[in-house]
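Since the structure comes first, as structure tokens, the remarks are kept for the end.
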Amino acid sequence: MPEPKTVDLLDVRAFACVVEAGSMAQAAVRLGIAKSIVSRRVSQLERTLGAVMLTRTARGTSLTDAGRTYYLRAAAALAELESAQEAVGQLTTEISGHLRISVPLAFGEFCLAPLLAAFAALHPKIQLEIRFEDRKADLINEGYDLAVRIGNLPDSSLITRRLATVRAAVVASPTYLDARGRPARPSELAGHDVILYENATNQWRFEGPDGWEYVRVNSRLRTDNGQMMLAAACAGLGVIILPWFMVERPVEEGDLEHVLPEHPHEGGGLHLLMPPARASIARVRALVAFLVDKFGPVI
């Protein structure tokens, strides 16, 4: 039986970087080499393995089934090698390398941006790539090191770390409430116009003296953007539920009014998510420790 061919580690790194960057050109920028060299290394890997790993199109690259299988294992192996290198490097040098992070749009703008900037200032040898997005990115296949998520998490193979509980508040503009009335109990929200987040349920849950109370609400407007919800509520279009960190200032300034403060709405959790292969890397652990230190039990 012939022995399997030995792959060149530089070819594997180039392939993994193309997957994570999304294109040969972006991978070349990250690696600091010419695009032609990246392409040549990926082609060499394909010849060595005897399989097509990437489908090339004018818009970029995508994984074949063989490429996806190989990437998941190769990325884990590269991460372990990098972790070993960092373990030695920590004895004499600072943590370094590239960190790709996915954060929620509104929470990222309101709360995370200054913290991530401070982290970067503390670690000048780390290169941060931060994506502000509300979509649920595929951390493993898209090459993310870490993601911040708010809400209930589905079961997955990702490693999770809960940072805090995010308070939510029901608010509306004084103009809207003057015209439509101020709800005295959660059930009265059923007769109000409500502004909902795109994928949110129209059944709201409130805490009361006798346990949880459920209310089915009617949406006048749905959107995938928290700032749009905030603007619509300030314009008098209806009632919203948003994290307190988004509505605190408008409430203080009188543009919005806290509705049913004695009936807290169910809050969500603030979580960190990491692919198992990335969680042990020193720079990822450093960012996790930094964020854990910055958040209290409730925000």
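The values are calculated or read from the model by the stated rules, or taken from the named source; none is laboratory data. Bear in mind that the values here come from a model prediction, so they are computed numbers and not experimental data. Glycine gets a Cβ as well: all are built from the backbone with ideal geometry, and neighbour counts include every protein chain shown. Just so you know, the surface numbers come from the protein's heavy atoms only, side chains and all, with ligands and any DNA or RNA stripped out. Shrake-Rupley method; radii C 1.70, N 1.55, O 1.52, S 1.80 Å.
Could you grab the relative contact order for the chain? Cα pairs under 8 Å, six or more apart, rounded to a whole percent.
22 percent
With each label point set 7 Å from Cα along the Cα-Cβ vector, what nm distance links Glu207 and Val29?
4.6 nm
Percentage of Cα-Cα pair distances in the range 1-46 greater than 16 Å, rounded to whole percent?
31 percent
For the chain, compute the number of Lys pairs whose alpha carbons are separated by less than 30 Å, excluding pairs fewer than 8 positions apart on the same chain.
Eligible lysine pairs with Cα atoms under 30 Å apart amount to 6.
Output ³J(HN,Hα) for the range 39-54: one whole-Hz value per residue in order, computed from phi by the Karplus curve 6.51 cos²θ - 1.76 cosθ + 1.60 with θ = phi - 60°, and x for Gly and Pro.
Karplus-based 3J(HN,Hα) across the range 39-54 equals 4, 5, 5, 5, 4, 5, 4, 5, 5, 5, 7, x, 8, 7, 9, 10 Hz.
Per the Debye formula with a single identical scatterer at each Cα and no solvent contribution, what log10 I(q)/I(0) holds for the range 1-86 at q = 0.16, 0.18, 0.19, 0.21 Å⁻¹?
Calculated log10 I(q)/I(0) at the listed q: -0.60, -0.75, -0.83, -1.01.
Taking H as built 1.01 Å from N, whose amide H comes closer than 5 Å to the amide H of Arg167, not counting residues under 5 places away?
Long-range HN contacts for Arg167: Trp244, Ile299.
For Thr160 and Ser96, what does the FRET efficiency come to when R0 = 30 Å and r is the distance between their Cβ atoms, rounded to the nearest 0.05?
Here the calculated transfer efficiency is 0.70.
Looking at the range 23-163 from every direction and averaging, what is the projected area of its Cα convex hull in nm²?
Taking a quarter of the hull surface, the average projection is 10.7 nm².
Carbon and sulfur atoms: what percent of the 1.4 Å accessible area of the chain do they account for?
53 percent
Would you please give the FRET efficiency between Arg182 and Trp244, computed as 1/(1 + (r/R0)^6) with r the Cβ-Cβ distance and R0 = 25 Å, to the nearest 0.05?
0.85
Step through the residues of the range 214-220 one at a time and calculate ³J(HN,Hα) from phi using the Karplus curve (6.51 cos²θ - 1.76 cosθ + 1.60, θ = phi - 60°), rounding each to whole Hz and writing x for Gly and Pro.
Result, rounded to whole Hz: 9, 10, 8, 10, 10, 8, 8.
What list of ³J(HN,Hα) values in whole Hz, one per residue of the range 172-184 in order, does the Karplus curve 6.51 cos²θ - 1.76 cosθ + 1.60 (θ = phi - 60°) give from phi, with Gly and Pro shown as x?
Per-residue couplings from phi come out as 7, 6, x, 4, 4, 5, 4, 7, 10, x, 9, x, 9 Hz.
Considering only the other residues whose Cβ falls under 15 Å of the Cβ of Leu116, what net charge follows from Lys and Arg at +1 and Asp and Glu at -1?
-1
Mean 1/r over all different Cα pairs, inverted: what Kirkwood radius does the range 117-186 give, in Å? List each step's numbers first, then the result.
Working: mean 1/r = 0.0597 Å⁻¹.
One over the average 1/r among Cα pairs gives 16.8 Å for the range 117-186.
Sort Trp204, Trp212, Trp244 by accessible area with a 1.4 Å probe, largest first.
Trp212, Trp244, Trp204
Show the residues, 5+ positions off or on another chain, whose built amide H is closer than 5 Å to the amide H of Gln127.
Gly97, His98, Leu99
Regarding the range 165-299, what whole-number volume in Å³ per residue does the convex hull of its Cα atoms give?
Details: hull volume 18.1 nm³, N = 135.
Output value, Cα hull per residue: 134 Å³.
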